[in-house]
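Structure first, commentary second.
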Amino acid sequence: MFKSSYHFTRAICRLPANSLIDGLRAVDFGRPDYEMFMSDHENYVAALRSTGANVTVLDALEEFPDSVFVENAALCLPKGAVIMKPGAPSRLGEAEAIKPVISAVYSEVAQISGAGFVEGGDILTTESEILVGCSARTDRAGVEELSSIVSNWGYTVREVNTPEGILHFKTDCSLLDENTILTTKRLLMSGCFDGYNTIQVADGEEACANSIRFNQYVIMPSGFPKTKQILSDSGYNIKTIGNCEAAKLDGGMSCLSLRFTPS
Ligand code: CIR
């Protein structure tokens, strides 16, 4: 049966810009290698396409070093899309840049335009609700505006917290199926997933909590063998993609695409 939270006919990605070496990062682990980033990105797009989805790859935006992390700029739901308002000043303009692309796909497009901020990385859409984590990038006013927009389309937003020191809510979790969430222990302990089945990433493998369920596959970063085993023992079909260069900029599997099925 079709599940709108992880069955998608379309995705949008954006090619990495050469300027990505100036992308935001919490800790400097060195300069990302552009060629390697590009090669990982090609593998990522191929993995999405291998499910049969139609994947649009947008041109790079040199003026926005983090724009390859296209998820941040919009929330795409079956009934409509919302253009975000990134809390990182250097990423604010990415919202306007994605607007025409989204407007070409959706008839219903709303935009966060009040005083608050929301970044797509803080939003986890499950089959029954939309969890939005307040973070250094997403604030209460933004969550409230988002909530009132999507309530018109029948969706419920639940405000939760992104753990202190963690970039985005989805840095620490992913949807695996309609009832199940992959999570770090620190996020699980907050209680925000009470009522869901949860699978914890292996100790020391917290960096793979940002994975995606995309149609028949769970797409996760390579280099996390214990969690990969746990997931495949639980019956998921796994694809792994190199993420070392994106990780230098705190990016992961969800950040690299907008995934959706417009109705
Ligand atoms: C940033 O700090 O905004 C980027 N360097 C990484 C963001 C990755 N996640 C996302 O956009 N959803």
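The values are calculated or read from the model by the stated rules, or taken from the named source; none is laboratory data. Since the structure is predicted, the reported quantities are computational estimates derived from the model, not experimental observations. Methodologically, a virtual Cβ is constructed for each residue, glycine included, from the backbone with ideal geometry; neighbour enumeration extends over all protein chains shown. The protein model used for the area step is the full one, side chains on, heavy atoms only, and it has no ligands, DNA or RNA in it. Shrake-Rupley method; radii C 1.70, N 1.55, O 1.52, S 1.80 Å.
Quick notes on this structure:
- A Cβ-based charge dipole, computed about the Cα centre of the chain with Lys and Arg at +1 and Asp and Glu at -1, lands at about 520 debye.
- Sequence-distant residues sharing a close amide H with residue 176 (under 5 Å, placed H): 181, 182
- Net charge, residue 46 excluded, C-beta distance under 14 Å - Lys, Arg +1, Asp, Glu -1: 0
- Along its three principal directions, the equivalent ellipsoid of the chain from the Cα gyration tensor extends over semi-axes of 23, 22, 19 Å, largest first.
- Å² of accessible area per residue within the chain, as computed with a 1.4 Å probe and no ligands counted: 41
- Working value for region 45-114: equivalent-ellipsoid semi-axes of 21, 17, 10 Å, each the square root of 5 times a Cα gyration tensor eigenvalue, largest first.
- For region 149-159, backbone phi angles converted through the Karplus equation (6.51, -1.76, 1.60; θ = phi - 60°) give residue-by-residue couplings of 5, 6, 5, 5, 9, x, 9, 10, 9, 10, 7 Hz, Gly and Pro being listed as x.
- Computed log10 I(q)/I(0) for region 141-263 at 0.09, 0.21 Å⁻¹: -0.26, -1.33, from the Debye equation with unit scatterers placed on every C-alpha and solvent omitted.
- Among the listed pairs 228/248; 85/226; 99/170; 79/170; 79/99; 185/226, those whose Cα-Cα separation exceeds 26 Å are 85/226.
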